Structures are given as C-alpha cells and as structure tokens.
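Structure first, then comments.
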Amino acid sequence: MNTSRDRDVRNGRAQKRGQVQDRVRDQGQGRGRGQEQGQSRPSWWELGLTEAEYREIVEILGREPNWTELGMFSVMWSEHCSYKHSRPYLKLFPTQGSRILIGPGENAGVIRLDERWAVVMKCESHNHPVAVEPYQGAATGVGGIVRDILAMGARPVAILDSLRFGPPDDPRSRFLFQGVVSGIAGYGNCIGVPTVGGEVYFDEAYASNPLCNVMCVGLVEIDRIARARASEVGSPVFLVGASTGRDGIHGATFASQELGEDSEASRPNVQVGDPFMEKLAIETCLELVERGYVIGIQDMGAAGITSSCAETAARAGTGIEIDLDKVPLRESGMTPYEIMLSESQERMLVIGKSGRENEIAEVCRRWGIGCALIGRVTDDGMLTVKRGEIIEARVPAKALAEQVPVVLSRESRPSYIDEEWSRDPVSLLGAKPGPSLLAELASAGKTRSGKARCEPEGEPGEPEKEPEEEKDLPRFSRDLLKCLSSPTIADKAWVYSQYDHMVQNNTAVLPGAGDAAVLRVKGTGKAIALTMDGNGRYAYLDPEMGGAIAVAEAARNVVSTGAEPVAITNCLNFPNPEKGETMWQFSRVVRGMALACEILGTPVTGGNVSFYNETLGKPVYPTPVVGMLGIIHDVKQRLSSGFVREGDIVALIGPLDGRGASLGGSEYLKVKTGLVTGKPPQIDLDVEKRVQRTCLRAAQSGLLHSAHDCSEGGLAVTLAECCMLGRPGSRGAEISLRSPKSAPERPVKEEDADEPWFVESLLFGEAQSRIVVTLHPDDMPALSEIGRTEGAPVTAIGRVTADGLWVNIDGFTVIMVSTAKMEEAWRGRFDDKAMSRKPGQGPYSD
Amino acid sequence: MKFGIVVFPGSNCDQDCYYAIRDILGCDVDYIWHTVTDLRGFDCIILPGGFSYGDYLRTGAIARFSPVMKAVKDFADGGGLVLGICNGFQILLEAGFLPGAMLRNKGLRFLCKYVHLRVENNKNPFTCLFEEHEVIRMPIAHFDGNYYADSRTIEALEARGGVVFRYSDEKGGIAPETNPNGSVGNIAAVINEAGNVLGMMPHPERCVEELLGGEDGRRLFESIVSWFSGRRGVGS
C-alpha cells in the first residue's frame, strides 16, 4: 500500500453519486516520511493507526486516503477521540433519570434544576500535556472543558479539578504540582469562572504520570440549550475565536500513547492557552446564542477543525464543506494536513442561521474576536475540505466520528491482586487487639481511665491538660498529627487560595470549608453542590470496590452539604488498554461505578476516558474520578464541615467499625508503613444509601449544624478537621467511643461479633458510609428517629468543646491534642514557607 | 442616582458589581462599553475587577488607552465619583488618577481570600457609613496588589489622609503578618486629593450578602448612595 501508484484517486462515494469532477488531490498518500528515508514504516503506522484500521479506511473510502485524510482518520480514530477500547464497557452506565435532559453524547450533560434552569457539566482529563508542560497543559485543560460547557449555550459558573502527583518531596513532582496549580489559576482566574473545588492526592504511582482532571459546570435556561448539530442544510459555518497555528498538531494522538523517555520532545504537541481570548469567546458565543443566531455550536478541542466539523455533521446526518483559504492562519505555509489537525486553542465552530451572517460577524467584531465564514452545511454526509477549488480531503463525516472499529480487548486478572490481598494491614502495623492494647497503655501509665462520656446526659468532666512535649502525647495523638501532615490529607489552602473561587458572587460554601463546594443559583433560592472524588488506591487494590466507592463518596460529600445527589460525570484514568490487566481493572471499575450510580440514583451524564497513563512501563493506579452534582432545595440549609457551637452533640451516622479490614489501602497504613496494600474497605451500597438518606433528611429538617464525611485518615482525621474548621469558640471535641464489644447496639454485623477490633481501625480505618454531624442536644432524639426509620445506625459520640481533640475509648484516653498543634501539622505542610523550601529539606524529608 | 459600570474586554467582575448595585442595593445601574465617550447621566462610574485585555503587558496598562478612559478623566475632573476595584484600581494607577503603582504580590502568587481591613478615612463618599478605625472584612483576589510608591509620595499621601483602607488583623493591628501582598504601609485603598476617586484592591461587590460571608461591601456601596443623596439635598 505504500507504492505511489494511482495518482488520481477518486472518492468512492462521490463516484457513486456521479460527481466525477470532484477529485481529491493526491498529496503523496501512502508515502511515509520514514519511507522516504529508505525505512519501511508505512504512513498509517507513523500516525498511530493499525493495519486493520487502515484497511477499514480504504474500505470506507473505496480508495486509499491521501495524507490529509489519513491524518484526519488517525486523530478521530485515536483512543482519545474515539473511545474505541472503552465504548462497549461504558454502555453499562445508567444514563436515564427524571432530571436528565441530555445524557452522554453531546459536549456535556444537562440536568434539570427547576422549571427554568438547567445545570450543564462535564469533566475531562489533560494528563499527558501536564506531564510534559504543567502550566500550559493545565491551563488548556481548563480552557477546553470550559468551551465544552459553552457549546451547550451555558454560562460556565464553576471549575473543579482533581489532581494526582508523586510525593511533593520529589523535585519533579513538586515542579509539576506547582506548575499545574499556577496553570489552572492563570487561566481560570482570567476568564472569570471561579475554581471552587477539587482534590489533590500524592502517591508514588503518579510520579512519572501525573493526572489533571478538570470539571466545568454551567447554567443555562432550558429553552436556550444549544446543540452541537449542523442540522440545517445551507447554514453558514463560522470559525469564531483565535486563528489557527501549528500548535498542538496531533495532541489527540499524543494522548493515546504511553509516555516515554523522549516525551519531553512532545512539548510542541502541547497547546498554548490565551485566557483573554477565551473570555471574549465566552461572551461572544453566549450573546450569539441569546440573540438566536445559532443552530449548532461546538468546541474545537482535540483534533480541531476535523473533529468539530465531523461531529456536528455526523450528529445531524448532514455534511460540511469548508474552504481552508478562509481559515485565518497564524503562520504562513501551513498545509491542509496541519490546518485540519491543529489544536490551536480558543476556537469555536458556530453553525449560524442562514441570513444572519452579517449579524454574527457584527457581534464578533464588537467583542474584538476573529470570525471567519469557512463553509456551509451540505446534504451529502461528507466532510469536504477544499482549498480554493482544489479538494484536499473528502470523507464521510460519520465514518470519522462514529465508525471507528471497536477494539475488543482481552482481559486478564493481574497477579498483584492476590499478592496485595494476602497482606494483612493489622500485622503490618503490628496492631494489637483493642482490649489488650488499652490494658497495656493503662498499666504503662500513659493514659488514664475515666468514665465514658458519650451519653448526652453525661456530665462532661475536666479534660486533663495536654502534655507540653510532643513525645508525651498519647501515642495516637502523634499518629494523628502524622496523618494530618501527610500531603494527601494536609490543608490545601495554598492551592485554592491561588484560584479566584468567589467571582460571579455565588460561592456559598468556600473551598476547604465543606465536603463539596456550594453555589447558590441567583433568583431560585436553590443551590448546587459540586465535588470531584476518586481514590486510586482502592481502585488499584479492588477495582470494583474502588469504582463503587468513588461514586458513593462523591455522593456522600454532596449529602454532607445538605444536597441531594442527582447526577455524575467522570474521568476514568487508566494505563495502557492494550494490556489485559488494564482492561480487567477497567471493566471492574466501570461495573462498580455503574452499580453505585444505579443504587444511589445518580445517572452518568458524560465523561472522559484517559488511557495510556503509564510511563516507561510504570502504570498509574486505575483512577476513576467522579464529578458529582447535588441540589440543595433551600440554600439556607447548606452545611459546612466545621463545628459551629460549643455544647453541640457530635454524632456518627453510619457504623462504628473497628475491624482490621478497614485499614487496607488506608492513608494510615501508608503513613505508618509506606505501603499501599491489603484489601481495601468494602462498601455496602444499601447501607450507604440509608446513611445518606438519614443525613439528607436531617439536613433538610434543619436539625444539623455541620456535617463531614469520613474518608482518608478515618474518624480521627475527620474529627480533627471539624475542630480546625470550627468557628471561634467551638474548635474542639470530647469524644467517647465504645469498643464494639461494649456497645449496647452492635455496630458491626452479627456474624462479625467475635471479630477482634483494633484501636487503629476505630480511629484511622477508612470504613465507608460514615458521616460525622453536629446538632443541638435537644435534637438528638429526632436524628435517632430519622436513623431508625431509614435503617441507618446513628450514635452520639461526644460533644463540641472550645478547643482541643480528646478521644477516649471505653474511658481510656487515646488522643489528646490541642487544636493549635493539629493546625500546625495540617496547615504547615503547604504554606508559603514550606513551598518555598527546596525539595528534600524540612518537613518533606521526614 | 445612577451607577455606570465600565466593561473592558476581559473585565470579569462587571456583572458582580451590577448584581450588587441593582439586586442588593436596588439602585439604577447600566453597563458602559469601553468605547463609549459620553458619560452624561451617570453619577458614579465603577471600573470593575478582572483582566482587562488579558492584563497582558502589565495590569491595566492597555485598558488606560481605551476610549472610555478619556471620558472617565473628564468625569472625575468635573467632580464625578469614580470607584476602581482591583483591576479598576490598577487601571486608575496606570492612567494617573492616583499616585503609585502595583507590583506582583510578595509571595509571587495569586491570592484569593477574605482579609481584615481597618478603615483609615471615613470622610469621603465611599466610606462615610463606616466608623473611623473600624475593622471590616472583604475578599481580595489578585496577583498584582502590592501597592508601591516612593517614600515622598507615600508621606504626602499619608499626610493628606489619602489611605482609606489598610490590611490589618481582626483587632485592627497593622503588621507585616497582616499584609497579604507586601503593600507599602499595608495600603489596600487610596483616594485622590479631591476625594472623588477611590482605588481599592478588595472586592466590596463580593460581600453584599450574609449568604456569601459578609455584608461589609454593601455598606461601601450604601455609603456612596447616602453621600450622594445628602449632597443632592444640600445642593438643591
């Protein structure tokens, strides 16, 4: 196929239609650059296609493609654009729901908020660009997802980001971390969309392949929702925004390969962002939509003009003919191939209404933004690319957008699973069963016994004074401080204070203050709660559980702000899909997520799959990241995490779990032993649902003063955070836990009654389905009643105090530490001082 | 009275100001496109926050050449009230309405958070409803808010009471630790000699409701309205 025979290849379909005059120009099809140098690498190979795919293309066209056409197929059929490995699996996701107006398949999902308004959301990964150029990689990640929301005709109102890096004491990881945060800030702040939430995890698994997932949320009036469809034949096709340059050519193909030693050389594949242009594009497009000039609109993201034209035409069953001479170019001498594949940022494809050409141009002119009429919608189903009179490419739009041959993957169970599961976290930690440990601590005089203080009517006694020296603190206080300063748990104010999180005047729960960001929707009395969540360690150790937990935890987070979880979007970050182990992980993560979405009633409205997240054979953890939308029906009932009133009851909704199993894959295990191993916490989705319903009903009845879900670091870290985030005068707690044995109502299932329990698990275990809430003592019976009717355990575990966290188990003090000391550990990890210190010095080297 | 909010390409707090004035204060307000040259009918012009022209080159450096700025100059010279917030303050500095310049924040990063401010001067249209030395809370959100001027300029500014807000702690203490961005003398807001042009880095439009964490910004806008109605009362 590499011989340059047949210089006048005719388009197969055009011939059938008798349009023999339409000849596609030969550009030396089949001749690869390698081959010119005497090597035998065919052009399709160079562009990342397989031989089977190439044959399919020849079959579709009825001839061999030219170089431009081959390039167009190669990006559109890349994993990044086509989902050819993941598509069959994604069908498992539930996508229907009473609130879902538009599900997967469009630029973003649309969820009904009320009669008038809808919420638009989507998230996307930008992992590969970030690995080679963190600032621009992250910035253009923000830009791309914002344009996806814009393409629905919605005003972008919030950005969230979920980030994964190697440990921050590794210089490279720290460089990437700082670069990504400044990139998100530099772009997001400028376009005036608040960055309101997200998460940052640090683990060796992401050292050479960081993850950067960005979510954007928009608001649109339901009758103004725009679609990415080129639906009316003859309509003008505009390119609005920046001019087209050579940046980012083959970005999509780059994103569909493993990174290697020479990936730095791929830096030219990373696009450069211009947030000012984006801001203008936002205002221009919203005005065009509002004035009713628009039939269809689509972002030019991966694969640029090729994808936006092919997809809008394919969705509408039409064709598009464009003239490359009309495309404003940034540099001279660009070939059709380069123009069609350029991923220059800040460009939108606008299918205008016929007869409105002048008005559209006028709006663009007023905003000072480029606007070029590049073509028309046709009825022939073809994407026809001309340069003047010469046809440079002519391909069925549907073939590009939808006919990629699905890759049937082989799955194989990775051998590491059995190995990891065989490791017992309890023995790795050297943990002793609870009763013997408490007895030992008591006899060593390191703690004192006192009466249990969990009953609301119990008389709170004088807490003993905290010891001066850290070494004299009760042992688990030191463990708590260690957990609080672990990079994954530590306060992220250094990150989110670099983001403008207040612009647009809607942020009713600020970053860091609650389990999810809360934005009021002006004029409705309602609010939306947004979060991004995903624990890669769990998914690595038990993919199906990890998938389910990612959804459940995201839902629990929005519930903890008083919101009803309604829908998700997601990013699935995985290693190389050509490996059976990856697809085994993938299929199970998807299954777990699908099940959790089904049970919790949160359909999937779209998302993104990012494969090939491995560098030099080192894969990342399979990392599902869930973006969750919740709705608060009355914004005044929103909740934050911190304690608000001294004397409030601290209650736990969900099981008090002391079983050793909850330490598998935990942050505590990692902090203490450096290991990510064991069987991770398991989730009972039925219990999860009951717990969430209890919390939500209590919040909606106005019973709760605060709520915070238990996640990394377990109950102890959750309580510590509630103290540190508390209002002045209510920044402490006195907690009395009962060992599972002495509890009147068995918190664990009957069959586990004789299972040993561990102090470590009670404090730091990451058992699921748990929320710490506070409420007025008078309201405790009402909360218990809700728990009873919903079938979720509710236990009063202590009281809010002015300062300091004091935890005892069966009367034995296990934690006693001042709030100031906790803050020092928690806030000090990423403050200015720590971040300006050279890597390897100071707190990172411990 | 009528407020006007200038919209430069890249302004992004224009709609927030509009919301604060129309929906919270219930006042008359209109947007003013940056090419407009006639400001008749307006009583107070707001240059809002954002990234005018992307803040490429230097913050406010391009916006000062916008056609509207000549009109704003005439408006101010005629005694009209001009309030520059964040990027608006930066533009006022670049355009020479106010003395001094902005440097990058001392930590070399963007900073968005609530800060405490001490009211240094309440004898002007913008802060007349605050007590002198009252401590208030407002959010900041900027990369270039490190106010700088040479010592003679600062002395003159201080001597005439040109400093309106200073970054402080919750008790009104002024110290390097309470200075988020490195500004000389913890200066957060500056007023011109005539007392009708105020530039401030904090965002009053972001704290006009308890729901969003505070109402001190609302009192700033109410000051303007109150001052204006008082003056009109006296004049007529």
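FYI, it's all coordinate maths here, none of it is from the lab. Small disclaimer: the values here were computed from a predicted structure and weren't measured. Glycine also receives a Cβ, built like all others from the backbone with ideal geometry; neighbour counts cover every protein chain displayed.
Summary table
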read-out: Of B:212, A:390, A:409, farthest towards positive along the dipole that unit charges on Lys, Arg, Asp, Glu beta carbons give the protein assembly as shown; value: A:390
read-out: Segment B:34-81 versus segment B:86-120: alpha-carbon centroid distance in Å; value: 17 Å
read-out: Computed magnitude of the charge dipole of chain B (debye, nearest 20; Cβ of K, R +1, Cβ of D, E -1); value: 380 debye
read-out: Centre separation in Å (Cα based) which lies between segment A:701-730 and segment A:567-610; value: 30 Å
read-out: Shielding by partners, peptide B:1-10 (average Cβ within 10 angstrom, other chains); value: 2
read-out: Dipole axis of the protein assembly as shown (+1 Lys, Arg; -1 Asp, Glu on Cβ), positive-most option in B:52, A:436, A:639; value: B:52
read-out: Cα-based equivalent ellipsoid of chain A: semi-axis lengths in Å, sorted from largest, via gyration tensor; value: 52, 28, 23
read-out: Among A:89, A:139, A:74 the positive-end extreme of the charge dipole of the protein assembly as shown (Cβ point charges); value: A:74
read-out: Most to least packed among A:405-414, A:552-561, A:76-85 [average Cβ atoms within 10 Å]; value: A:552-561, A:76-85, A:405-414
read-out: Residue-averaged 222 nm ellipticity for chain A, from DSSP H runs of 4+ at -39500 (n - 2.57), nearest 500; value: -9500 deg cm²/dmol
read-out: Shielding by partners, peptide A:187-196 (average Cβ within 10 angstrom, other chains); value: 4
read-out: Whole-number D in µm²/s for segment B:2-235 (Stokes-Einstein; Kirkwood sum over Cα pairs; 20 °C, 1.002 mPa s); value: 124 µm²/s
read-out: Chain B, relative contact order [Cα under 8 Å, separation at least 6], %; value: 19 percent
read-out: Charged-residue dipole, Cβ positions (Lys, Arg, Asp, Glu), segment A:510-666 about Cα centre, Debye nearest 20; value: 340 debye
read-out: Segment A:679-744: C-alpha gyration tensor shape, a/c 1.5 cut-off, then a/b vs b/c; value: oblate
read-out: Length-normalised contact order for chain A - Cα pairs under 8 Å, 6+ apart - percent; value: 15 percent
read-out: Cross-link pairs beyond the 24 Å C-alpha cut-off, checked among A:122/A:386; A:91/A:670; A:526/B:2; B:123/B:171; A:84/A:398; value: A:122/A:386; A:91/A:670; A:526/B:2
read-out: C-alpha center-to-center spacing [segment B:132-184, segment A:275-309] in angstrom; value: 42 Å
read-out: Test item: B:139-146 mean partner chain Cβ contacts at 10 Å; value: 3
read-out: Peptide ranges A:228-234, A:164-170 listed from the most packed, as the mean C-beta count within 10 angstrom indicates; value: A:164-170, A:228-234
read-out: Relative packing of A:575-585, B:199-209, which averages over residues the other C-beta atoms within 10 Å, highest first; value: B:199-209, A:575-585
read-out: Estimated dipole of the protein assembly as shown in Debye, rounded to 20 [Cβ of Lys and Arg +1, of Asp and Glu -1, Cα centre]; value: 1640 debye
